[in-house]
1. Given a Förster radius of 22 Å and the C-beta distance between residue 111 and residue 77 as r, what FRET efficiency does 1/(1 + (r/R0)^6) yield to the nearest 0.05?
2. Please work out the C-alpha center-to-center distance from region 96-119 to region 126-143 and express it in whole Å.
3. How would 81, 167 line up from fewest to most surrounding beta-carbon atoms within 10 angstrom?
4. Rounding to the nearest 10 and keeping the result within 0 to 90°, find how far the Cα-based axis of helix 8-42 lies from the longest principal axis of the chain.
5. Please work out the FRET efficiency for the pair residue 139 and residue 171, using the Cβ-Cβ distance as r and a Förster radius of 22 Å; give the result to the nearest 0.05.
6. Would you order 108, 69 from fewest to most other beta-carbon atoms within 10 Å of each residue's own beta-carbon?
7. Test of understanding: what is the full-extension gain from residue 49 to residue 9, defined as 0.36 nm times their sequence separation minus their Cα-Cα distance?
8. At 222 nm, what value in deg cm²/dmol follows for the chain if DSSP H runs of at least 4 each add -39500 (n - 2.57) and the sum is divided by all its residues, to the nearest 500?
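Coordinate-derived values only; no laboratory data. These figures come from a predicted structure and were not determined experimentally. No Cβ is skipped: glycine too gets one built from the backbone with ideal geometry, and neighbour counts run over all protein chains shown.
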């Protein structure tokens with residue numbers, strides 16, 4: 001009886017082809033995951049100092065209605081969809097979003113006219129807002145404000161924060 005079998009060279013070539021096909025199939029799935037993950041982060045590249053808190057117009061004020069935080073946002077030459085703002089006081093925090101579309105936001109008004117339709121400043125512009133902390137769970141003076149842009153439905157990292165917020169009476 002004669003035994004027929006594949007030569008060692010043919011077997012090696014088949015193994016190499018099988019490995020190549022398996023790696024190609026895996027790469028298709030991995031590259032899709034990598035592409036999806038980087039698309040969100042690409043929209044946030046280069047915005048580090050383009051969305052900021054204007055320290056000169058950010059302060060708190062105790063009024064008859066309670067504690068009020070006045071804060072000013074500057075947006076440079078960049079398009080953002082929304083801005084997530086987080087205010088902290090004595091271990092508690094309150095967050096809200098301001099978008100490019102005018103809307104009413106609880107406890108937030110424009111400064112100085114105190115109108116209630118809130119909208120982000122446009123490109124290369126700034127805007128000041130009043131946040132009534134008394135209408136929230138926050139007590140005491142604010143000790144931190146952070147802002148994080150949202151671009152193409154992707155929330156970017158915090159672009160600016162301020163942890164020493166002065167009393168508005170000092171600017172008198």
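1. Details: r = 24 Å, r/R0 = 1.08.
That gives a FRET efficiency of 0.40.
2. So the two Cα centres are separated by 13 Å.
3. Details: 81 16, 167 12.
Ranked by crowding around the Cβ, least crowded first: 167, 81.
4. Long axis of 8-42 versus the principal axis of the chain: about 10 degrees.
5. Numbers: r = 23 Å, r/R0 = 1.07.
Plugging the Cβ-Cβ distance into 1/(1 + (r/R0)^6) gives 0.40.
6. Values: 108 19, 69 25.
Going from least to most buried by this count: 108, 69.
7. On the way: separation 40, 0.36 × 40 = 14.40 nm, distance 6.08 nm.
This chain segment gains 8.3 nm when fully extended.
8. Working: 1 runs with 35 residues, N = 172.
That comes out to -7500 deg cm²/dmol.
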